[in-house]
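The values are calculated or read from the model by the stated rules, or taken from the named source; none is laboratory data. Worth saying up front: this structure is predicted, and the values here are computed from it rather than measured. We place every Cβ from the backbone using ideal geometry, glycine too, and count neighbours over all the protein chains shown. Just the protein is used for accessible areas: all its heavy atoms, side chains included, with ligands, DNA and RNA removed. Shrake-Rupley method; radii C 1.70, N 1.55, O 1.52, S 1.80 Å.
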Amino acid sequence: EIKLLSLRDQQKAHYSTKYNEKEQQALLNYIGNSIIIGHNIVDFDLNRLFPNIDINNSTIDTLKLARGVWNGKENALHNVFYRLYGKKMEDMGLSHHDPNADTIASAMIAAKMFGAKGLVGASLRYIR
């Protein structure tokens with residue numbers, strides 16, 4: 001089962017406003033035991049969403065995968081998307097830094113990276 005989670009208010013994830021305990025629990029209930037996929041999800045998003053909670057879910061961080069494949073290159077979400085699809089996110093109707101668009105772009109990146117033969121290779125070590 002695939003579940004897409006897009007933050008209703010991107011400011012809460014990226015800046016100083018935090019989710020309260022009730023909101024955090026609702027997110028945890030929704031996520032359940034699912035594998036969490038995202039771009040910079042391990043080092044940034046999960047720490048911002050759940051600063052005092054240890055998340056034990058398996059994760060696939062497309063930023064870490066991209067760094068393993070394209071070490072030394074700019075691997076921001078829009079750069080990786082362009083590298084894999086040959087188009088800007090905006091050209092495909094995905095506004096950069098829009099929470100819904102970033103969620104879809106991250107899912108598309110993961111699908112493309114795992115679907116391409118040999119593209120991920122040794123980078124699979126970033127799946128915990």
Global geometry of the stretch 34-117, whether rounded, prolate or oblate, following the gyration tensor of its Cα atoms and the 1.5 cut on a/c: prolate
Accessible surface, the stretch 35-75, averaged per residue in Å² (probe 1.4 Å): 51
Inter-label distance, nm, simple model (7 Å from Cα along the C-beta direction), Asn52/Asp91: 4.7
Pairwise centroid distance, computed over Cα atoms, of the stretch 22-38 with the stretch 79-104, Å: 24
Heavy-atom accessible surface of the stretch 21-94: percent carbon and sulfur, 1.4 Å: 45
Links that overshoot a 23 Å alpha carbon limit, given the list Lys18/Lys87; Lys88/Lys112; Lys18/Lys64; Lys18/Lys88: Lys18/Lys87; Lys18/Lys64; Lys18/Lys88
